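Engineer: My questions all concern the structure below.
The values are calculated or read from the model by the stated rules, or taken from the named source; none is laboratory data. Owing to the predicted nature of the structure, the values given are computational and were not obtained by experimental measurement. With ideal geometry, Cβ positions are generated from the backbone for all residues, glycine too; neighbour counts draw on all protein chains shown.
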Amino acid sequence: MTSVEYKGEKFEVKDGFLDLGLLEITDISEIKGLDKLKINHLELSSNEITELKGLEQLKNLETLNCGSNNISDISGLETLSNLRILHLASNQISEIRGLDELTELKELYLRGNQILKLEGLDSLSSLQKLDLSWNLITKIEDFDALESLEILWIAGNQLTKIQGLKNLKNLKVLNLAGNQISEIQGLEYLENVNEIYLNDNKIREIQGVEHLSQLETLWITANNI
């Protein structure tokens with residue numbers, strides 16, 4: 001099959017890409033023929049989807065965009081072992097779980113959700129880019145296995161200190177802007193970091209970055225310095 005049907009309208013697959021964005025979809029299982037497709041990229045953003053059930057047969061999928069929906073439960077992706085890029089920004093997600101089998105995942109976007117605690121990431125050892133901005137996170141943890149991570153955005157949360165970054169030896173970009181951080185500590189392990197964003201925090205003095213030999217950009221405006 002090279003097409004699916006939703007509410008009487010046909011949507012064609014083009015070069016392995018299927019665009020089903022902005023269709024007011026509430027239930028993925030109502031998309032006729034989706035389970036018969038062999039596609040690499042599925043666009044489901046800006047719908048009204050509440051759960052991810054109905055994608056189990058898309059075993060060739062490499063990119064999935066489910067941003068700007070009403071998703072609260074992200075289970076249902078366990079069979080998508082080839083997934084490389086997963087967009088789940090701007091949903092209703094409060095817990096990270098159900099991603100354990102996505103060991104090939106390289107990019108994960110979870111900005112603009114309601115995540116309170118960092119968990120469920122320890123099997124994502126191939127992850128290179130992680131966006132957790134604009135959530136409700138109070139503590140950095142569960143990053144021990146993310147040794148391939150190069151870009152970490154965790155701006156606009158409720159962090160009060162920098163911690164849990166010890167194993168991120170390959171990190172190049174760190175965005176901690178818009179938190180409640182008062183001291184620059186815990187960055188000494190980031191030997192390859194190029195860019196650090198600490199603007200809009202509560203930092204009183206610049207210290208703890210002296211030994212970061214690869215650092216090129218340090219944003220620290222809108223603090224108490």
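Engineer: Yes or no: region 29-42 includes at least one residue that is touching a Cys at 6+ places or on another chain (Cβ under 9 Å) and closer than 21 Å to ARG84 by Cα.
Structural biologist: Within region 29-42 (the criterion being touching a Cys at 6+ places or on another chain (Cβ under 9 Å) and closer than 21 Å to ARG84 by Cα), the answer is yes, since at least one residue qualifies.
Conditions tested, residue by residue: (1) over 13 Å from the mean Cα position of the chain (by Cα); (2) within 26 Å of LEU159 (Cβ to Cβ); (3) of a type in the set (A, V, I, L, M).
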position	(1), (2), (3)
LEU34	yes, no, yes
LEU52	yes, no, yes
THR63	no, no, no
ASP73	yes, yes, no
LEU99	no, yes, yes
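Engineer: Then there is this: Can you list the strands (runs of 3 or more DSSP E) lying wholly within region 38-141 that have 1 or more residues being surrounded by fewer than 21 Cβ atoms within 10 Å (Cβ to Cβ), modelled with pLDDT of 95 or more and among the charged types (D, E, K, R)?
Structural biologist: The qualifying strands (runs of 3 or more DSSP E) are 41-43, 107-109, 129-131.
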